Structure formats: structure tokens, C-alpha cells
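Asker: Take a look at this one; I'll ask things after.
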Amino acid sequence: MTAATGPPIVTGVDGSAESLDAVRWAARTARLRDAPLEIVHALDVPALLAGGVVPPPDELVEALRARGLRALRTARELAAAQGVPGAVTRLDSDRAAQTLIEASRTAALLVVGSTGHGRLTSLLAGSVASAVGTHARCDTVVVRGDSWDEPEAAGRPIVAGVDGSEAGTRVLATALAEAGARRAPLVVLHAWSDSPPPHRDPRCVTEAGRRLLEEQVLAHDTGDVVVEQVVVQAHPRRELVERSAAAQLVVLGDRGRGGFPGLLLGSTGQALLHHAACPVHLVRTTS
């Protein structure tokens, strides 16, 4: 692999299995995109301040630093095993959310694990999730599931949740790029609520959804990607979670309307982040 240039893919590691999954996914994606890879570990020293002002003992900080360096070495070796021998590692003393939010200013993509005993891998489950979702300046991938790296997973489709908002255009463009790079089929999904709008025939709503998808897909260059357009009368949360079991990646926006509103802060986004069976790509759709 030649020296990669451009904005890096950034991933956080704490030594847990989930964070190492994120490193593997990030490294493979960096190799696929020929992008640099940066691996960071946050010591979260501010959380150790007694009473919010008294610094922690030097011995404790050094012990945390030593543990962080070990986690970074392990992660770098793992990245090299995925075909990315030149990963940059960085130890940061700040809180996890601030570390990644700052890194997102110059990153092409943030990649984190779904859960873990450390702070970086639990980013999107709790109060830190709101901070990252609100302030991150680039897309975020949450690596979920136990079978995403199995050999047969490469043949699974990418699923994109698309609504009628302007943000849906970027979601579709991102999903098409991922499908093209991974040589995977793409399922473009528009799911509307179990209950149709008042005074609307469900068949009319479904037909409107089909027209919406056709228009959005026609507005993009699909290249060699095989695209399946799906309109269903179902709750977006349930439909996306169910389809994630047979997908290699779910792509959706961090904001939206209609079928996919307020993903990071709403029930649909939370459901995907906690229950999806494959990695979830949250497209940054706001400036």
C-alpha cells in the first residue's frame, strides 16, 4: 500500500474487543479508500480532577498513559494486519467526546465501537452521543454486529434509509459510493409510518414514495451498482433494524424528516445504534 494522502479516517480505541472491531473496520475502509488512518486513545484526565480542580496523582496519570500506549500499539499492529501498516497513533489527555469532536474537524470519517469498558467505544450510548451527534463535523460509523467481517458478509447489500428531505440526497450519494467501493448491491429504503397520514389512502402514500425514490435515484450516477428500490408501510425503526440482519452496512442521515427524523436524538437513531446487527453509517447532513 502506497503512502495515503488526504483527510484521515479516525478511530478510537480503549483496548476492548468492541474498540478493536472498530479498528479493524476502519483499517479495511482506509485500505479500500486509500486513506490515512489515525487511531486515538483518550485518557480523560479532566474526569480525574478531584472536586473538579485538584489534579490526579502523577502515578495514576502515568499508569493510564502506559495502558493507553499499550492499547495503541495493539491497535496499530491490528491495522497493519488489515493492510494498513502506516497508521498514526495519538494519545490525548482530554475527554473522549472532545477528542473525537476535535478530530472530526479534519477527518474524513469517525469510526467507533458500539460498546466497551472504555470511553471512546461507548461514545454513542448516552450523554456523549448527543455531543458527538450535535458537534461532529464529519460522518460517523458505529461498528455493530458479530458477523460483519465474515467472508460471506461481503456479498450482503448496503441498506440506505432515504426520506424526502434534502439530506436524503447526501445519504443516497454516500450509500452509492460505499456500494461502489465495496462492489455490493444497494437497497434504497423508504419506510413510512404504520398509519398513513389523515385522509390519505395507503396506496397513494406508497405510490408517492416510489416516485420519490425513482426521482432521487435518477438524479445520481449509479455506475455499476445494482440498486433495489423498496417502499414499505412500516415503522422506519423496525424496518431498518430487521434489514440490518442481512446487510453489511446501514446508511442513514443524522437528521431528516418523514421516515427518518432526528436520528441521533430520536428513537429511530437510538434503536439503530443499540440494536442494528451490522455497522451503521451516520451521514453528517448539517453544517
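The values are calculated or read from the model by the stated rules, or taken from the named source; none is laboratory data. All values derive from a computational prediction rather than experimental measurement. With ideal geometry, Cβ positions are generated from the backbone for all residues, glycine too; neighbour counts draw on all protein chains shown.
Asker: Go through region 138-166 and give me each residue that's surrounded by fewer than 19 Cβ atoms within 10 Å (Cβ to Cβ), touching a residue at least 12 places away in the same chain (Cβ under 8 Å) and outside any loop (DSSP other than H, G, I, E, B).
Answerer: ALA153, ALA154, GLY155
Asker: Scan region 95-113 for residues that are closer than 17 Å to ASP254 by Cβ and at pLDDT below 90 and jot them down.
Answerer: ALA97, LEU100, ILE101, VAL112
Asker: Quick one: would you say ARG76 is assigned to a helix (DSSP H, G or I), touching a Gly at 6+ places or on another chain (Cβ under 9 Å) and among the basic types (Lys, Arg)?
Answerer: no
Asker: Right, something else. Do any strands (runs of 3 or more DSSP E) entirely within region 186-266 hold 3 or more residues that are farther than 15 Å from GLY164 by Cβ and at pLDDT 90 or above, and if so, which?
Answerer: 227-233, 249-253
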